[in-house]
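Data block below; observations after.
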Amino acid sequence: MALTPTNLTNLLDHGFDTVIDVRSPAEFAEDHVPGAINLPVLDNEERARVGTIYKQVSPFDARKIGAALVFRNAANHIESSLSHHDGAWRPLVYCWRGGQRSGSFAWLLREIGWRSDVVQGGYKTYRRLVVDMLHDRALPYRFVQLGGYTGTAKTELLPLLAAKGVQVIDLERLANHRGSLLGSMGDQPSQKAFESALAGELCRLDPARPVLVEAESSKIGQILVPPSVWDAMKVAPWIEVSAPLDARTEYLLRAYDDILSDTATLHARLAPLKAHRGEALVAQWIGLSTAGDKRALTRSLMQDHYDLAYAKSMKAMAPNVIAQVAANGLTPAHLEQVAGRIASTLQAMET
């Protein structure tokens, strides 16, 4: 038998003890079912070798060599990664399309006595369900966007709100990017991996309750917000946070210290702004950076770039702002107060 999911929630609520992705490490790194472990029955080089033999020699020779490699690698996994499981363990196995790699490994596990099963259609089935959810149909969730000028600690408010029981999707965390020109936090996931993580979190939410997301553009670094999510965000009402410029400056000095301290990278990221803010202003920013005046640089970036861009965007979008929450400061105590007021607004929407 094989698990034949009809929707993504059905697949993610599989009920098995462990999900095993037997594809190569490169395939797994690009994307995989949330929570799956990678026990490849063919590594990257072996998979390429078998594929070459399949095309250049014969399918029979490829299957013969592939079988030997698959069972050799499977034996290693059983002796190492799986040796601690008792007889009641129930693994769910998948490969690229639910074919020989997962079928062979699941068969071997069953022969040992474990109650293993495979995903019908493998990763391709899973990916099709993700695309169906995030690209092809409207989402059943009521989004509310959390907006506000750069430096109002919106990202820091999200975990505080989640701790108060608010349903939150943190797109910047999933994309590993702070959503602005200076917002890189290192390598971003692949587009598919981002969508997998996002879809997995959405499946755990209650459609009857509002879902808070930070206001973003349709692109977070190199990651595109999927169409179904973006369509829901465009029509979502807003809760807008505000804070004094001095408080925002101090907050950004802490939050963006990594990029502010990396002058070479910072200057490279400021250079494209010459087309929008002029060479003189960018030269002024680079001068402040070179002089180590992070506070003056941060303040100017907000006043002369980020705030102007935000005001222009708000004028163009004209969102439905259902609540405005003013913070007197952005210390932890202030943020707790702001989170409480936002949570109360969202709770009122549930009644």
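Give region 24-38 a look and list any residue that's out of contact with any Leu (no Cβ under 8 Å at 6 or more places or on another chain) and open to solvent by less than 30 Å² (accessible area, probe 1.4 Å), or say none.
Passing the criteria: E27, D31, A36.
Looking only at region 83-122, filter to residues that are hydrophobic (A, V, I, L, M, F, W, C) and assigned to a helix (DSSP H, G or I); which one of those is farthest from V50 (Cα to Cα)?
Restricting to residues being hydrophobic (A, V, I, L, M, F, W, C) and assigned to a helix (DSSP H, G or I), the top hit is I112.
With the condition kept exactly as written, say whether any residue in region 211-220 is modelled with pLDDT of 95 or more and part of a loop (DSSP other than H, G, I, E, B).
No.
In region 340-351, is there at least one residue being of a type in the set (D, E), touching a residue at least 12 places away in the same chain (Cβ under 8 Å) and in a helix (DSSP H, G or I)?
No - not one qualifying residue is present in region 340-351.
Counting only residues that are within 12 Å of Y149 (Cα to Cα), of a type outside the set (G, A, S) and surrounded by 13 or more Cβ atoms within 10 Å (Cβ to Cβ), how many does region 310-323 have?
2
Quick one: G200 ticks every box in (1) under 22 Å from H32 (Cβ atoms); (2) modelled with pLDDT of 95 or more; (3) buried (at least 18 other Cβ atoms within 10 Å of the Cβ) bar one, so which box is it?
The number of the failed condition is (3).
Among the residues in region 49-65, are any of a type outside the set (K, R), in contact (Cβ under 8 Å) with a residue 24 or more places away in the chain and exposed (fewer than 14 other Cβ atoms within 10 Å of the Cβ)?
There is no residue in region 49-65 that is of a type outside the set (K, R), in contact (Cβ under 8 Å) with a residue 24 or more places away in the chain and exposed (fewer than 14 other Cβ atoms within 10 Å of the Cβ).
Of G278, G287, which residue is over 30 Å from H135 (Cα atoms), open to solvent by less than 60 Å² (accessible area, probe 1.4 Å), more than 24 Å from the chain's Cα centre (by Cα) and modelled with pLDDT of 95 or more?
Numbers: G278 fails: modelled with pLDDT of 95 or more.
Unique residue meeting the criteria: G287.
Q303: open to solvent by 80 Å² or more (accessible area, probe 1.4 Å), within 16 Å of S242 (Cβ to Cβ), touching a strand residue (DSSP E or B) at 6+ places or on another chain (Cβ under 8 Å) and of a type outside the set (V, I, T), yes or no? Give the derivation first.
Working: open to solvent by 80 Å² or more (accessible area, probe 1.4 Å): yes; within 16 Å of S242 (Cβ to Cβ): yes; touching a strand residue (DSSP E or B) at 6+ places or on another chain (Cβ under 8 Å): no; of a type outside the set (V, I, T): yes.
Considered against the rule, which asks whether it is open to solvent by 80 Å² or more (accessible area, probe 1.4 Å), within 16 Å of S242 (Cβ to Cβ), touching a strand residue (DSSP E or B) at 6+ places or on another chain (Cβ under 8 Å) and of a type outside the set (V, I, T), Q303 comes out as no.
The values are calculated or read from the model by the stated rules, or taken from the named source; none is laboratory data. Quantities reported herein were computed from a predicted structural model and do not represent experimental measurements. Here the Cβ is made from the backbone with ideal geometry for all residues, glycine too, and neighbour counts use every protein chain on show. These accessible areas exclude ligands, DNA and RNA; they are computed on the full protein's heavy atoms, side chains included. Shrake-Rupley method; radii C 1.70, N 1.55, O 1.52, S 1.80 Å.
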